[in-house]
Amino acid sequence: MKTVAAAILALMGSTAAFQPFTTKSSATINKAAMVEELPGVIAPTGFWDPLGLAAKADDATLKRYREAEITHGRVAMLATVGFLVGEKVEGSSFLWDASIKGPAITHFLQVPHEFWAFLVVIIGAIEIRRAQTAFVPPEEVPVGQAGLMRENYTPGDLGWDPLNLKPTDADELQEMKTKELQHGRLAMLAAAGFLAQEAVDGQGIMEHLSNMS
């Protein structure tokens, strides 16, 4: 058995001599090291990118990816809370004369049109500020680099911290960023699950939870 094993190893060694010698470029190595240090990279998955999107992206694109992930995560966290709170207080006298009822996905069509007009204005104002803070003005963007973000901008940092929660310590800040990303990722899955579940059976999430108890 040892002789067979030795022969196989010898054969592997001899064939390896005829294989093309390849090395990773320093840029590839540096990018791999950079993404491993990004907030949100945690055990056991590490930097989980099964589609290889990061490998195909330059630094500017990676920055946009992270901005998009943080933004969608924040919206999903608000949506998840909105699902639960909206269904919990439905029928309450303070909520449009107790006229809003049923699963949260049906609330959209029940609220007054003025509410959505107000909401569109608020969202528009927030997005305009985010665009001005995060992105290079269109007239200053080089050709072929649409959506270029400011070099000194950190994804997700819009300068809005009314409770002064942002840590001054670098390690604590990294940990807080990771927590926000993880909560946002979970919320995106939860919001998608809520939408799918209510669309399938027409029952609210709170109704499902009460039936489980």
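The values are calculated or read from the model by the stated rules, or taken from the named source; none is laboratory data. Since the structure is predicted, the reported quantities are computational estimates derived from the model, not experimental observations. Here the Cβ positions follow ideal geometry from the backbone for every residue, glycine too, while neighbour counts run over all protein chains shown. The protein model used for the area step is the full one, side chains on, heavy atoms only, and it has no ligands, DNA or RNA in it. Shrake-Rupley method; radii C 1.70, N 1.55, O 1.52, S 1.80 Å.
In the complete set of protein chains, residue-level accessible area for Lys88 is approximately 140 Å², probe 1.4 angstrom.
Can you give the extra length, in nm with one decimal, that the chain gains between Leu173 and Val41 once fully stretched, where that is 0.36 nm per residue apart less the Cα-Cα distance?
Gain on stretching Leu173 to Val41: 46.1 nm.
Each Lys or Arg adds one and each Asp or Glu subtracts one; over the other residues with Cβ under 10 Å from the Cβ of Glu207, this totals -3. A Stokes-Einstein calculation at 4 °C with viscosity 1.567 mPa s, built on the Kirkwood radius of the stretch 55-213 over Cα pairs, returns a diffusion coefficient of 70 µm²/s.
Site pair Gln145 and Leu186 shows an inter-label distance of 3.9 nm when each label is modelled 7 Å from Cα along Cα→Cβ. Compared with the alpha-carbon gap, the fully stretched path from Asn152 to Ala54 is longer by 33.2 nm at 0.36 nm per residue.
Taking 0.36 nm per residue of sequence separation and removing the Cα-Cα distance, the Leu165/Thr106 pair yields an extension gain of 17.7 nm. Computed with every protein chain present, the accessible area of Asp59 is close to 100 Å² [probe 1.4 Å]. Semi-axes of the equivalent ellipsoid for the stretch 105-159, computed as √(5λ) from the eigenvalues of its C-alpha gyration tensor and ordered from largest down, come to 32, 13, 10 Å.
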